[in-house]
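Participant: The structure under discussion is supplied below as structure tokens; questions concerning it will follow.
Just so it is clear, none of the values below were taken in a lab; they were calculated from the coordinates. Since the model is a prediction, treat every value here as computed from it, not as a measurement. Reconstructed Cβ throughout: ideal geometry from the backbone, glycine too, with neighbour counts over all protein chains shown.
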Number of protein chains: 2
Amino acid sequence: MLSLIKRLLIGRPLKSAELGEQKLIKAKALAILSSDALSSVAYGPEQILLVLITVGAVAFWYSIPIAVGVLVLLLALILSYRQIIFAYPHGGGAYVVSKENLGLYPGLISGGSLLVDYILTVAVSVSAGTDAITSAFPSLHEHTVMIAVIFVLLITVLNLRGITESASILAYPVYLFVLALFILIGVGLYNVAAGNVPADLHAPLGTPVAGISLFLLLKAFASGSSALTGVEAISNAIPNFKHPAPNNAAKTLLAMGGLLALLFSGIVFLAYDYGITPRVEVTVVSQIAEHTFGRNFMYYFIQGTTALILILAANTGYSAFPLLAVNLAKDKFIPRMFTIRGDRLGYSNGIIILGILSIILIIAFEGQTEHLIPLYAVGVFIPFTLSQTGMIVKWIRQKPKGWIPKLIINSIGALISLIVTLMFFLTKFAQIWSVLVFLPLIIFVFHRIKKHYESVGDQLSITTCEPIIPIEGNVIILPVAGITHVVESSIHYAQSLAAKQIIAVYVPFEREDAVLFEEKWSNWKPDVRLVTLHSPYRSVIQPLLKFVDTVQRKASESNYQVTVIIPQFIPKKGWHNILHNQTSLMIRTRLLYRKNVIVTTVPYHLKK
Amino acid sequence: MLSLIKRLLIGRPLKSAELGEQKLIKAKALAILSSDALSSVAYGPEQILLVLITVGAVAFWYSIPIAVGVLVLLLALILSYRQIIFAYPHGGGAYVVSKENLGLYPGLISGGSLLVDYILTVAVSVSAGTDAITSAFPSLHEHTVMIAVIFVLLITVLNLRGITESASILAYPVYLFVLALFILIGVGLYNVAAGNVPADLHAPLGTPVAGISLFLLLKAFASGSSALTGVEAISNAIPNFKHPAPNNAAKTLLAMGGLLALLFSGIVFLAYDYGITPRVEVTVVSQIAEHTFGRNFMYYFIQGTTALILILAANTGYSAFPLLAVNLAKDKFIPRMFTIRGDRLGYSNGIIILGILSIILIIAFEGQTEHLIPLYAVGVFIPFTLSQTGMIVKWIRQKPKGWIPKLIINSIGALISLIVTLMFFLTKFAQIWSVLVFLPLIIFVFHRIKKHYESVGDQLSITTCEPIIPIEGNVIILPVAGITHVVESSIHYAQSLAAKQIIAVYVPFEREDAVLFEEKWSNWKPDVRLVTLHSPYRSVIQPLLKFVDTVQRKASESNYQVTVIIPQFIPKKGWHNILHNQTSLMIRTRLLYRKNVIVTTVPYHLKK
């Protein structure tokens, strides 16, 4: 039943040998790995204007030089990550780069912040997309959380079906969004060039602005830089590309950078030229679209694809998180289960955990995840800074052919990323202080997990010379609850094991019961020793544990091994389980966790 | 840790021999078993007036003859249940009486409806009490559900501490309530007698009323009869009384009947004499109290004790439900666990289940359980009718000395109960139709459970001559995941068991891995046979289950028993469990439920 539902949802299992077919061509990879970055175009320019408006609309012309700054940063990041892709072709991105060049802690900081960041990506982008939908259909507003959760579940299932399948479906909306924005920007620029837009809508470049400060401009720059989140995703996900993976990944990265640059600068320019002021109820992109087309089909097409890409931005998290998790799990910093491929060859545990955690976030914040955006941006710029600093160290150490230009590119990238990170801390400390709490916490957890795995490895390793104590013989304890077929077959089994001693144990609650049972037993199985343990407190387990203790102490003196044989009913139907006392389950758990005894379960399959 | 909390909450465990000290004296039994019935005084008279007001305030004088009818019914019920107590001194009430005299189905209908009814009692009365509190302190209103749930938890814990302890605490509020109402009625009657109450407040008895009908009067009578719910509780709880239990129970029943009659008729009379009209915001009792005392201390004392007794009415459910459940469980209609006495000698499973189910009801209805009241009333009157019909049959069949007056009492009781039941169906069908769905459902479940227990009994019974197949030898299968200490000690254990054959099984995901491991194994343990099972779909369990199947088919031909030995890590700390793949747990569960093999768990206690 369950397995049928699983088949319906995620499809038939794939053989390990089919892994090659689960690799992405560039066009699909671009779609699923850049949806996060491209979707930022929908809110990045607006973030700049929101800072500038605190001085006045006359300051809007500064958005143009700020956008140039963002483009420079984008260029530096793209070139820098291109170098990372070739230097670390097995993926792992910022985590691996920082760990190998800067040391363990910078690596864990990068890995930890990205891990959390992808969860935030999913929660924030799905919530934002859901908001766009409920703004269009206000009657859905009270169901925001449920709708967002359904979207997360849908994306999770799509990703569990495998990356090629999700890419085939999710590529359309991404390209439609790009197409829609290109049409918008094209028509907008034509209007400007044709002189259809009055020139007095905006203050000309260079207009002096009272009250503007470097701090404010840097704050606007940092806010605009939040449009660059998601740029790192491709470097984490190299193993998902078709052969030759690094080359394909690098080309895809360049294509993404180009698209992002065009769309971002187009929107910033049009917003400036149209003299658009950010408003609470209508987004900047929506205002530009209305300005350009009026409320016709194109307007709704742009709005619809924007909502879709906001939701799909989550998918970038689904591509990058599981692969980052594999890298951390291989280094034993997170549970091993993240390294296991699921039925469809994706790292399904990572996908499922990501889905669950982002649903928890959405429910905890009741779908209002906007104030998580700064947290999410700083969580990206910390690894940006660290990974590029790592590359600087690498070039200086290794000095390969032509390393000077590479060093310059990474140095510019590292410097600007650092400035952006610092600006976030200076200007939005109230929203991002928690990063200073959870990063150390995560790193502490990473360490505890690694320590545990290492100590287990040491204990299991056959090279340590712990002497194996020979087993001289077996003592079998057989708790019995009555004279039944179950007990009979358990005794038969015990007798077949060449045990030195077999002890049946009965735990009556009443003294009379004990006498009665001993009599019945001696008539039935006079050859099997019976011990009755009176239990004044009506607990079967306590006297039994005590008895096992006593037997074990004596047995271990002569190197005897104690085995407890517990019969277990297996009813025909699942619901029957609640009709039987779960004593056997409890005895087994308590014995295994408390004592050094072996527990044997003899199933008794009920036929009706 | 958990056990410390348990000790703090419910106290030290009691020995079985201390059961005698857990019996109730009459005064305490009266308090905890009559709180449900007595609390009905707070709303019963109001129910009558609410029906009469549909014709007009002039019809209020009918409340006097209707109250007389209710008193007649009360008398019949009290005398009738007194006879039931002596006839069935081991408790079980309506269930046992109906089952023994009318047959299985009437018994199950009685038992099933009372079982559900006690859950409703708890939910409805705690909600009503909470409502009384939140009316007094409106700021608490938004926390209604939480407050109600906390009260249920409190009462549950009190009952888990044992019946004498809960009775000692809960007796005070009950007697305070009785005292408060006696003062109210006494002062009220004095005022009436002293002529302090104007005579024109009410229409005199016998005033002709336009539009009154027999149907309406019967409806008012049925509504008033809801004050009699809880009268049956003592008959279910006879085993809780001190020796001689039936005599003490009978005396307690008479005392309860007397109190209930006095309080009920007092309130009805004062309401009529004061000319009180039921209002939405103020209860009838509250209006009488205000009329009598004004808003002074006595008024608040009456209001406070009323709120308390409404909550404590739940306690009647806690006394009767577990004992009824024991009777049903002894007859195998509900799970056996209801017959087990807990640490404090109460039937703790019944108490806990009752608490959980009523919390679920409260949460599901968001604390608005008023519309469950009719359902709850009909759930009492069905067993009232059946049990008294059962007594009629008993008297006619057995004809003991002086049976005629007994027959008459039970006949009157049965007839009036039947009329009330029918009136509920006629006048409140919309609220109680669900009883026609859930009663058949419950009886169906009862039957399925009984059928299961009986078939298990048959299968286990040693008297059936299923031949025991002798075990000629053992084949041991040992799944291994590597070359470690755990595997080594498992092999040692297997070798100590005198098995005919030991097969180690390794499930690699990659072909290269298989070759490598086989080589390593043959260097390490050349004397133990190794089988490698390639798993193209990366599942350990599927190939293993298939292999076990094959081995078992061959083994059973020569009567060999197959045992699978599974090592299990026992980490030092609980949280470590999530760091290890739960493969061993999954293998064990799948093997036990699917196959006829024995599963032996070898614990490996990690030291760090």
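Participant: Simple spin-label model, 7 Å along Cα-to-Cβ: A:L426 to A:V515 in nm?
Facilitator: Taking the two extended label points, one gets 9.2 nm.
Participant: I've got another one for you. From the Cα gyration tensor of the protein assembly as shown, with a ≥ b ≥ c the square roots of its eigenvalues, which class applies: rounded if a/c is under 1.5, or else prolate if a/b is larger than b/c, or else oblate?
Facilitator: Oblate shape, in that a/c is at least 1.5 and b/c is the bigger or equal ratio.
Participant: Could I ask something else about it? Could you please state, rounded to a whole Å, how far the C-alpha centre of the stretch A:52-98 is from the C-alpha centre of the stretch A:264-305?
Facilitator: Cα centroid to Cα centroid, the span is 23 Å.
Participant: Hey, another quick one. For the stretch B:278-287, just list the computed ³J(HN,Hα) in residue order, Karplus coefficients 6.51, -1.76 and 1.60, θ = phi - 60°, integers in Hz, with x standing in for Gly and Pro.
Facilitator: x, 10, 5, 7, 10, 6, 4, 4, 4, 5
Participant: Tell me, what is the FRET efficiency for B:S434 and B:K401 to the nearest 0.05, using R0 = 60 angstrom and their Cβ-Cβ distance as r?
Facilitator: According to the calculation, E is roughly 0.85.
Participant: Pull out the extension gain between B:L19 and B:V187, defined as 0.36 nm times the separation in residues minus the alpha carbon to alpha carbon distance; nm, one decimal.
Facilitator: In short, 56.1 nm is gained.
Participant: Once Lys and Arg get +1 and Asp and Glu get -1 on their Cβ, which of B:S461, A:Q431, B:V540 lies farthest toward the positive end of the dipole of the protein assembly as shown?
Facilitator: B:S461
Participant: May I ask you to report, in nm to one decimal and beginning with the shortest, the distances from A:V157 to the same position in the other copies, taking label points 7 Å along Cα-to-Cβ?
Facilitator: Going from nearest to farthest copy, the values are 4.3 nm.
Participant: Continuing with this model, one more query. Suppose R0 equals 22 Å. What FRET efficiency, 1/(1 + (r/R0)^6) with r the Cβ-Cβ distance, do A:A498 and B:N559 give to the nearest 0.05?
Facilitator: Taking R0 as 22 Å, the efficiency between A:A498 and B:N559 is 0.85.
Participant: Can you compute the modelled spin-label distance between B:L153 and B:Q582, with each label point 7 Å from Cα toward Cβ, in nm?
Facilitator: It is 2.6 nm.
Participant: Take peptide B:446-457, look around each residue's Cβ out to 10 angstrom, count Cβ atoms belonging to other protein chains, and average those counts. Intermediate results must be reported in sequence, preceding the final value.
Facilitator: Values: counts 0, 0, 4, 4, 0, 1, 9, 3, 1, 6, 10, 1.
Across B:446-457, the average partner-chain Cβ count within 10 Å equals 3.
Participant: For the stretch A:138-152, take each phi angle, set θ = phi - 60°, evaluate the Karplus expression 6.51 cos²θ - 1.76 cosθ + 1.60, and give the result in whole Hz per residue in order, putting x for glycine and proline.
Facilitator: x, 5, 7, 4, 6, 9, 3, 4, 5, 4, 4, 4, 4, 4, 4
Participant: Compute the Cα gyration tensor for the stretch A:13-166, then decide on rounded, prolate or oblate, letting a ≥ b ≥ c be the square roots of its eigenvalues: rounded whenever a/c is under 1.5, prolate when a/b is larger than b/c in the other cases, and oblate in all that remain.
Facilitator: oblate
Participant: Label point 7 Å out from B:L415 along Cα-to-Cβ: which residues of the stretch B:371-405 have amide N under 20 Å?
Facilitator: Answer for this model: B:381-397, B:403-405.
Participant: Continuing with the same structure: So how tilted is helix B:541-557 from the main axis of chain B? Cα-based, degrees 0 to 90, rounded to 10.
Facilitator: 70 degrees
Participant: Let me ask something else. Could you check the simple spin-label distance between B:H371 and A:D549, using points 7 Å along Cα→Cβ, in nm with one decimal?
Facilitator: 5.7 nm
Participant: Full extension from B:I541 to B:F86: what is 0.36 nm times the residue separation minus their Cα-Cα distance, to one decimal in nm?
Facilitator: Extending this stretch completely gives an extra 157.6 nm.
Participant: Next question. Return one number: the angle in degrees, 0 to 90 and rounded to the nearest 10, between the long axis of the Cα atoms of helix A:26-39 and the longest principal axis of the Cα atoms of chain A.
Facilitator: Long axis of A:26-39 versus the principal axis of chain A: about 80 degrees.
Participant: So what is the relative contact order of the stretch A:228-324, in percent, for Cα pairs below 8 Å that sit 6 or more residues apart?
Facilitator: The normalised contact order for the stretch A:228-324 reaches 34 percent.
Participant: Okay, next question. Can you list the trypsin sites (Lys or Arg not before Pro) in the stretch A:494-532 that are in a DSSP coil and have 15 or fewer other beta carbons within 10 angstrom?
Facilitator: Counting only loop positions with at most 15 other Cβ atoms within 10 Å, the trypsin sites (Lys or Arg not before Pro) in the stretch A:494-532 are A:K500.
Participant: If you average the alpha carbon positions of the stretch A:337-405 and of the stretch A:190-236, how far apart do those two centres end up, in angstrom?
Facilitator: The stretch A:337-405 and the stretch A:190-236 have Cα centres spaced 27 Å from each other.
Participant: May I ask for the distance between the Cα centers of the stretch B:550-608 and the stretch B:170-188, given as a whole number of Å?
Facilitator: Their Cα centres are 64 Å away from one another.
Participant: Can you compute the FRET efficiency between A:W575 and A:N596 using 1/(1 + (r/R0)^6), with r the Cβ-Cβ distance and R0 = 51 Å? Round to the nearest 0.05. Walk me through the numbers before you get to the answer.
Facilitator: Values: r = 36 Å, r/R0 = 0.70.
For A:W575 and A:N596, the calculated efficiency is 0.90.
Participant: Roughly how crowded by other chains is peptide B:329-335, in terms of the mean Cβ count from those chains within 10 Å of each of its Cβ atoms? Walk me through the numbers on the way to the answer.
Facilitator: Details: counts 0, 0, 0, 1, 0, 1, 4.
The shielding value for this peptide is 1.
Participant: Output needed: percent of Cα pairs per 10 Å distance bin for the stretch B:42-453, bins running from 0 to the one holding the longest distance.
Facilitator: That works out to 5, 22, 32, 27, 12, 3, 0, in percent per bin.
Participant: Give the nm distances, rounded to one decimal, from A:L415 to the matching residue in every other copy, measuring between label points 7 Å along Cα toward the beta carbon; shortest first.
Facilitator: Those separations, rounded to one decimal, come out as 10.7 nm.
Participant: What does the copy distance list look like for A:M146, label position 7 Å along Cα→Cβ, in nm and ordered from shortest?
Facilitator: So the label point of A:M146 gives 2.4 nm to the other copies.
Participant: Do the sum for chain B: with -39,500 (n - 2.57) for every DSSP H run of n ≥ 4, divided by all residues, what is the mean residue ellipticity at 222 nm, to the nearest 500 deg cm²/dmol?
Facilitator: Helices in chain B give a 222 nm mean residue ellipticity of -21500 deg cm²/dmol.
Participant: Can you tell me, using C-alpha contacts under 8 Å and at least 6 residues apart, the relative contact order of chain A as a whole percent?
Facilitator: 21 percent
Participant: Any chance you could run the full-extension gain for B:Y300 through B:I169? It's 0.36 nm times the residue separation minus the Cα-Cα distance, nm to one decimal.
Facilitator: Between B:Y300 and B:I169, full extension yields an extra 45.0 nm.
Participant: Cα gyration tensor of the stretch B:473-605, axes a ≥ b ≥ c as square roots of the eigenvalues: rounded (a/c below 1.5), prolate (a/b > b/c) or oblate?
Facilitator: rounded
Participant: Name the longest site-free stretch of chain B, where the excluded sites are GluC sites (Glu not before Pro) in a DSSP loop with no more than 16 other beta-carbon atoms within 10 Å. Please report the intermediate quantities before stating the final value.
Facilitator: Values: sites that count: B:E281, B:E366, B:E472, B:E510.
Value returned for the longest uninterrupted segment is B:1-280.
Participant: Still on this structure, please answer the following. Using the alpha-carbon atoms, what tilt in degrees (0 to 90, nearest 10) does helix B:297-330 show relative to the longest principal axis of chain B?
Facilitator: The angle comes out at about 50 degrees.
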